Amino acid sequence: MVTKAQVRAEATRLLDLFGSTGAQVVEADILQPADTLLDLYGEDIRGRAFVTSDPLRGERMLRPDFTVPVVQMHMSDGAEPARYTYAGEVFRKQDDDPARATEYMQVGYEVFDGADPAAADAEVFALMKQATDGLGLRASTGDMGLLKAAVSGLCTSDRRKGALMRHIWRPKRFRALLDRFAGRGQTSAARSELLECDDVAAMVQAAAPMIGLRSIGEITERVEALKADAVEPPISNGEVALLDALMEVRGASPDALSRLHDLAVDLPAIEKAVARVAARLEALAARGVDVDTLDFEARYGRTLLEYYDGFVFGFYAAGRTDMPPVSTGGRYDALTRVLGRGRSIPAVGGVIRPELVLSLKEGMQ
């Protein structure tokens, strides 16, 4: 049985390892302003975080991770380039799996450096690999930038592309939207009634008392947007097929890269993203990573945290489907732009859960 004292000792070991690179050790408040996270993720974050209220400071959340507060700190007064490391508890609701911990330790490493993003990606991945050496972990990698680039290149309205972008991290909702925008499936009776209605305000007032937060004006605006979308030409079957083919790319990294190059011929919007994958593999190989056996999956990362917009990775214990990933991380350039209020810098980071490291070591004894 791993004790909290042992977890803290392991966290210190990892913190020392990350600090040996020259990274600055930083702290983050346990109680974080809820409005920042709500602005980033919408109300969905409430289902995953512990929310409380302060009469003077408004809604607060127990820290769900470190990346957002570290980015805020750096974008407010940090020098560039910069490397940070940290250790502490994070808190996540686990409504769907009561066996998973709601409070656990994270030790992380973040790099803010725009000189060579591929090299920074490789630096973080290689450091996480070094920190978990000897545990026999399986590494998975992907790149959220591929799907985002493919969506941005679709021959459809900006409104549709925006909706698909918002739901890239919700695979079922993304699929449903893509099918609807491609004219597949039947329109529900309720949606048909809304699309045929000439007086939405009268319809709403006649239907039932207003019980939500949306005003009649907002509801009317939404219905008008649905009507405008209904007359848009469907996304072509060819484009949908290319998106599906992209999301099915998986295998050893060199083979996956070859397939991506082939797809880029018919899907030129992903050319730059594919070039970034190629550059990253070269940087990883230069760091001593065996890229010939490194798994790559184009759809990997779609159920991780929503701020990742490029390289994503995870380290998993072989044969332990009951265990969360021991380490995860990725690139989050867009997050620095959102929190930087006009400023941005390429950034990538990763975290390790020390109690999972100790649990695996204990099982090997």
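The values are calculated or read from the model by the stated rules, or taken from the named source; none is laboratory data. On a predicted model such as this, the values are computed, not experimentally measured, just so you know. As a convention, Cβ positions derive from the backbone with ideal geometry for all residues, glycine included, and neighbour counts pool all protein chains shown. Note: areas computed on protein heavy atoms with side chains; ligands, DNA, RNA excluded. Shrake-Rupley method; radii C 1.70, N 1.55, O 1.52, S 1.80 Å.
In the stretch 143-155, how many are assigned to a loop (DSSP other than H, G, I, E, B) and open to solvent by less than 20 Å² (accessible area, probe 1.4 Å)?
Within the stretch 143-155, the first condition is being assigned to a loop (DSSP other than H, G, I, E, B), and the residues that meet it are 153-155.
Those left that are additionally open to solvent by less than 20 Å² (accessible area, probe 1.4 Å): 154.
Number of matching residues: 1.
Just one of the numbered conditions (1) in contact (Cβ under 8 Å) with a residue 24 or more places away in the chain; (2) within 18 Å of Val68 (Cα to Cα) is not true of Pro354; which one?
(2)
So the check is Cβ under 8 Å with 6+ separation or different chains; which pairs have a first residue in the stretch 289-301 that's part of a loop (DSSP other than H, G, I, E, B) and a second one that's open to solvent by less than 80 Å² (accessible area, probe 1.4 Å) and at pLDDT below 95?
Filtered contacts from the stretch 289-301: Arg299/Pro171; Gly301/Tyr308.
Yes/no matrix, rows are residues, columns are (1) open to solvent by less than 50 Å² (accessible area, probe 1.4 Å); (2) touching a Leu at 6+ places or on another chain (Cβ under 8 Å); (3) within 22 Å of Val351 (Cβ to Cβ); (4) not charged (D, E, K, R):
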{"site": "Met247", "(1), (2), (3), (4)": "yes, yes, no, yes"}
{"site": "Arg250", "(1), (2), (3), (4)": "no, no, no, no"}
{"site": "Arg259", "(1), (2), (3), (4)": "no, no, no, no"}
{"site": "Ala264", "(1), (2), (3), (4)": "yes, no, no, yes"}
{"site": "Ala273", "(1), (2), (3), (4)": "yes, yes, no, yes"}
{"site": "Ala279", "(1), (2), (3), (4)": "yes, no, no, yes"}
{"site": "Val289", "(1), (2), (3), (4)": "yes, no, yes, yes"}
{"site": "Asp292", "(1), (2), (3), (4)": "no, no, no, no"}
{"site": "Gly301", "(1), (2), (3), (4)": "yes, no, yes, yes"}
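Just a yes or no: is a residue in the stretch 156-176 crowded, with 21+ Cβ neighbours inside 10 Å and not in a helix (DSSP H, G or I)?
Of all residues in the stretch 156-176, those crowded, with 21+ Cβ neighbours inside 10 Å come to 164, 174.
Keeping just the survivors that are not in a helix (DSSP H, G or I) gives none.
No, there is no match, as no residue in the stretch 156-176 is crowded, with 21+ Cβ neighbours inside 10 Å and not in a helix (DSSP H, G or I).
Pull up the stretch 312-348, narrow it to residues that are among the basic types (Lys, Arg) and not in a loop (DSSP other than H, G, I, E, B), then point me to the one that is surrounded by the fewest Cβ atoms within 10 Å (Cβ to Cβ).
Of all residues in the stretch 312-348, those among the basic types (Lys, Arg) come to 320, 331, 337, 341, 343.
Narrowing the set further to residues that are not in a loop (DSSP other than H, G, I, E, B) leaves 331, 337.
Details: Arg331: 28, Arg337: 16.
Among them, the one singled out is Arg337.
Condition first: in a loop (DSSP other than H, G, I, E, B) and of a type in the set (A, V, I, L, M, F, W, C). Now tell me which residues in the stretch 266-288 satisfy that.
Step one: of the stretch 266-288, the residues in a loop (DSSP other than H, G, I, E, B) are 267, 287-288.
Leu267, the sole residue that qualifies.
Which ones in the stretch 102-139 are within 16 Å of Asp65 (Cβ to Cβ) and either in contact with a Leu (Cβ under 6 Å, 6 or more places away or on another chain) or open to solvent by less than 40 Å² (accessible area, probe 1.4 Å) (or both)?
Of the residues in the stretch 102-139, the ones within 16 Å of Asp65 (Cβ to Cβ) are 102-110, 124, 128.
Matches in the stretch 102-139: Tyr104, Met105, Gln106, Val107, Gly108, Tyr109, Glu110, Val124, Met128.
Mind listing whichever residues of the stretch 349-363 are open to solvent by 10 Å² or more (accessible area, probe 1.4 Å) and of a type outside the set (D, E, K, R)?
Start the filter on the stretch 349-363 by keeping residues that are open to solvent by 10 Å² or more (accessible area, probe 1.4 Å), which leaves 351, 353, 355-356, 358-363.
The answer is Val351, Leu356, Leu358, Ser359, Leu360, Gly363.
Kindly evaluate Thr85 against the criterion of being over 30 Å from Ala120 (Cα atoms) and either touching an Asp or Glu at 6+ places or on another chain (Cβ under 8 Å) or assigned to a strand (DSSP E or B) (or both). Steps first, answer last, please.
Values: over 30 Å from Ala120 (Cα atoms): no; either touching an Asp or Glu at 6+ places or on another chain (Cβ under 8 Å) or assigned to a strand (DSSP E or B) (or both): yes.
For Thr85, the condition - over 30 Å from Ala120 (Cα atoms) and either touching an Asp or Glu at 6+ places or on another chain (Cβ under 8 Å) or assigned to a strand (DSSP E or B) (or both) - is not met.
Conditions tested, residue by residue: (1) basic (Lys, Arg); (2) at pLDDT 95 or above; (3) within 28 Å of the chain's Cα centre (by Cα); (4) within 27 Å of Val249 (Cα to Cα).
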| site | (1), (2), (3), (4) |
| --- | --- |
| Leu147 | no, yes, yes, yes |
| Asp179 | no, no, yes, yes |
| Ala190 | no, no, no, no |
| Glu193 | no, no, no, no |
| Gln205 | no, no, no, no |
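Here are some conditions: (1) touching a helix residue (DSSP H, G or I) at 6+ places or on another chain (Cβ under 9 Å); (2) more than 23 Å from Met105 (Cα to Cα). Tyr307 meets all but one. Which one does it not meet?
Exception for Tyr307: condition (2).
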